[in-house]
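Visitor: A single structure is presented below for examination.
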Amino acid sequence: MEDRIAEKIKNISYQIFPTMVKLRRELHQYPELAFDEYKASERIAKELKKIGIGFKKGIAKTGVVGILNKVKKGKTVALRADMDALPIVEQTNFPYKSKNKGIMHACGHDVHMACLIGAAKILTRLKDEVPGKVKFIFQPSEEVTPGGAKPMVEAGVLKNPDVSGIFALHCDSSIPVGKIGVREGPTMAQAESFDITIIGKGGHGARPHDGVDAIVVASQVVQALQTIASRKINPLEPVVISIGKMEGGYARNIICDRVILKGTARTLNKEVAKKVPAFLKEIISGITKSAGAYFELSYYGGYPILINHPKATDLARSSIAKLFGKDAIFEIERPVMGGEDFAYYLQKVPGSFLRLGIRNPKKNAIYPWHHPKFTVDEDAIKIGSAVLAGVAFDFLSG
Ligand code: NI
């Protein structure tokens, strides 16, 4: 984009900023869980209507998709925001803190929605100069697998008109406000979950030899699963196997006959991800067999590895630099082992998942995602809105 356009984008973003903060706080006050984002969906529809963007509601339940310049010639670029909140009791003292008991926007999806509405406003004001079509995708359920991205893609949000590039932002409290994190290649993990049931034989705590102690077997399994990362997979490939929940037992003097283990397996390589279930099975089966126990293993697929396309990421770098200078680019050195269903869109079309810096210790914006005190420096909204608009503009110009 020319300097003239960059200036306009920034100016509009700064102008609408107070309204976007208001919107973000409103969304923050009424957080909704995955696939239950009805109010947010209404609110977004209202905003799109106000600015004259045509949209469809009720996609994949609560999703909303708006389109700008529907009949204009040229490519189509998509921008995406997720809408769901988390089952967390908010522990902040803001006047706009959550009014929905036990639910909180603790991942910044309220900010993502505000930024995307902000970008829609900016691009609408510049619509005659925008060299193509822009889709605004508001997606339900990012937090709960199988997630909202997949059904949105299946519902055809990347088609008619066909989308040829897609971008999104996610808040990041490790990045200072004013900066945007970028990275190409594998950036977020394939995160899968599994349940293991260890079945032993109950009995009296004083006579372990008459039973098969599922607790002892389960603890061996928990230990041994760590050898998948340390001894089964090439050490140069990142793998995380975590058991986050262990359930079983009745009383101190009863040999437990059944333990349930709930875990997650995360990798950054598709081929490695494919190997994990077989290793799990091999290890659990060996241990249970030697103990005379049985097992059941349920392995659930998770979001795919999120791979940012190099060209789209470079384009984002140049848009950020044009808008806010080179210093605003924050190069993310390493991928993270968290999952993100934006990966599904990136499997279909090139694009990049950017990080929105929100960190500011003066405003207490220091807490990680999903923390009950999570908050953001709201100045990030004017940056995020402008960056989304700028990236869309540049993508369509290319
Ligand atoms: Ni999130």
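Visitor: Pairs of Cα atoms under 8 Å, at least six residues apart: use those to get the relative contact order of the stretch 245-398, whole percent.
Guide: Numbers: 129 pairs, mean separation 28.4, N = 154.
Across the stretch 245-398, relative contact order equals 18 percent.
Visitor: Further question on the same structure: On a 0 to 90° scale, report how tilted helix 3-29 is relative to the longest principal axis of the chain, with both axes built from alpha carbons and the result rounded to the nearest 10.
Guide: For helix 3-29, the angle is close to 50 degrees.
Visitor: So between I199 and E296, what do we pick up on full extension, going 0.36 nm a residue minus the alpha carbon distance? Write out the running numbers ahead of the final one.
Guide: Working: separation 97, 0.36 × 97 = 34.92 nm, distance 0.81 nm.
This chain segment gains 34.1 nm when fully extended.
Visitor: Between A224 and K311, what is the spin-label point distance in nm, taking each point 7 Å from the Cα along the Cα→C-beta axis?
Guide: 4.9
Visitor: What do you get for the angle between helix 380-397 and the principal long axis of the chain? Use alpha-carbon atoms, 0 to 90 degrees, nearest ten.
Guide: Relative to the chain, helix 380-397 is tipped by roughly 70 degrees.
Visitor: Right, here's the next one. When the chain is treated as a GNM, springs tying every alpha-carbon pair under 10 Å, which of A34, A85, A278 comes out with the largest mean-square fluctuation?
Guide: Of A34, A85, A278, the most mobile in the Gaussian network model is A278.
Visitor: Okay, moving on. What lysines does K262 reach when the alpha-carbon gap must be under 20 Å and sequence neighbours fewer than 8 apart in one chain are set aside?
Guide: Partners found: K245, K274, K275, K281.
Visitor: How compact and how long is the stretch 190-303, expressed as Rg and Dmax of its alpha-carbon atoms in Å?
Guide: Using the Cα atoms of the stretch 190-303, the pair Rg, Dmax is 15.0, 48 Å.
Visitor: Over the chain, with a Gaussian network built from C-alpha contacts below 10 Å, which listed residue (G102, G244, G156) shows the highest mean-square fluctuation?
Guide: Highest fluctuation among the options: G244.
Visitor: Based on the Cβ-Cβ distance of V89 and K46, what FRET efficiency does E = 1/(1 + (r/R0)^6) give at R0 = 25 Å, to the nearest 0.05? Could the numbers behind the result be given before it?
Guide: Details: r = 28 Å, r/R0 = 1.14.
Efficiency computed from Cβ-Cβ geometry: 0.30.
Visitor: Also, quick follow-up: Run the numbers on the chain and let me know its relative contact order in percent, using alpha-carbon pairs under 8 Å that are six or more apart. The partial results should precede the final answer.
Guide: Numbers: 930 pairs, mean separation 98.3, N = 398.
For the chain, the relative contact order is 25 percent.
Visitor: Can you tell me the 0 to 90 degree angle between the C-alpha axis of helix 214-227 and the longest principal axis of the chain, rounded to 10?
Guide: 50
Visitor: Okay, moving on. Sum up the charges of everything whose Cβ sits under 15 Å from the Cβ of E271, counting Lys and Arg as +1 and Asp and Glu as -1, but leave E271 out. Can you show the working numbers first?
Guide: On the way: positive: K232, R266, K270, K274, K275; negative: E192, E237.
Summing Lys and Arg as +1 and Asp and Glu as -1 gives +3.
Visitor: Further question on the same structure: Counting only DSSP beta bridges with both residues in the chain, tell me the antiparallel percent, nearest 5. Walk me through the intermediate numbers first.
Guide: Values: 46 of 69 bridges.
In the chain, DSSP labels about 65 percent of beta bridges as antiparallel.
Visitor: Could you list T19, T76, T124 so that the one with the fewest beta carbons within 10 Å of its beta carbon is first and the one with the most is last?
Guide: On the way: T19 14, T76 26, T124 20.
Final ranking by Cβ density, sparse to dense: T19, T124, T76.
Visitor: Pull out a ≥ b ≥ c, the square roots of the eigenvalues of the alpha-carbon gyration tensor of the chain, then state rounded if a/c is under 1.5, prolate if not and a/b is larger than b/c, and oblate in the remaining case. Walk me through the numbers before you get to the answer.
Guide: Values: a/c = 2.35, a/b = 2.01, b/c = 1.17.
Note, shape of the chain comes out prolate.
Visitor: Let me ask something else. Among F136, F330, F279, which one moves the most in a GNM of the chain with springs linking Cα atoms closer than 10 Å?
Guide: Most flexible of the set in this elastic network: F279.
Visitor: Next question. Working out 0.36 nm times the residue gap between R252 and K99, then minus their Cα-Cα distance, what length gain in nm do you get to one decimal? Let's see the in-between values first.
Guide: Values: separation 153, 0.36 × 153 = 55.08 nm, distance 4.22 nm.
Computed gain between R252 and K99 is 50.9 nm.
Visitor: Can you put C115, C171, C256 in order, fewest other beta carbons within 10 Å first? Intermediate values should be presented prior to the final figure.
Guide: Values: C115 30, C171 26, C256 23.
The fewest-first ordering by Cβ neighbours comes to C256, C171, C115.
Visitor: Could you please rank Y299, Y344, placing first whichever residue has the fewest other Cβ atoms within 10 Å of its Cβ? Write down the numbers at each step before the final one.
Guide: Numbers: Y299 17, Y344 22.
By the 10 Å Cβ count, ascending: Y299, Y344.
Visitor: Which whole-number percentage describes the relative contact order of the stretch 190-303, with Cα contacts under 8 Å and a sequence gap of 6 or more?
Guide: Details: 230 pairs, mean separation 50.0, N = 114.
Once normalised by length, the contact order is 44 percent.
Visitor: Right, here's the next one. What does the extension gain come out to for E129 and N11, with contour length at 0.36 nm per residue minus their alpha carbon separation? Let's see the in-between values first.
Guide: Working: separation 118, 0.36 × 118 = 42.48 nm, distance 1.56 nm.
Residue separation times 0.36 nm, minus the Cα-Cα distance, leaves 40.9 nm.
Visitor: As I understand it, the dipole of the chain uses +1 on the Cβ of Lys and Arg and -1 on the Cβ of Asp and Glu, about the Cα centre. Which of G181, I255, A224 lies farthest toward its positive end?
Guide: G181
Visitor: Now, a different point. So if R0 is 35 Å, what FRET efficiency would R25 and E237 give, r being the distance between their Cβ atoms, rounded to the nearest 0.05? Let's see the in-between values first.
Guide: Working: r = 43 Å, r/R0 = 1.22.
The pair R25/E237 has a calculated efficiency of 0.25.
Where a number appears in this text, it was derived from the coordinates with a stated rule and is not lab data. Everything numeric here is computed off the predicted structure, so don't read it as measured data. Quick reminder, even Gly has a Cβ in these numbers, built from the backbone with ideal geometry, and neighbours come from all protein chains shown.
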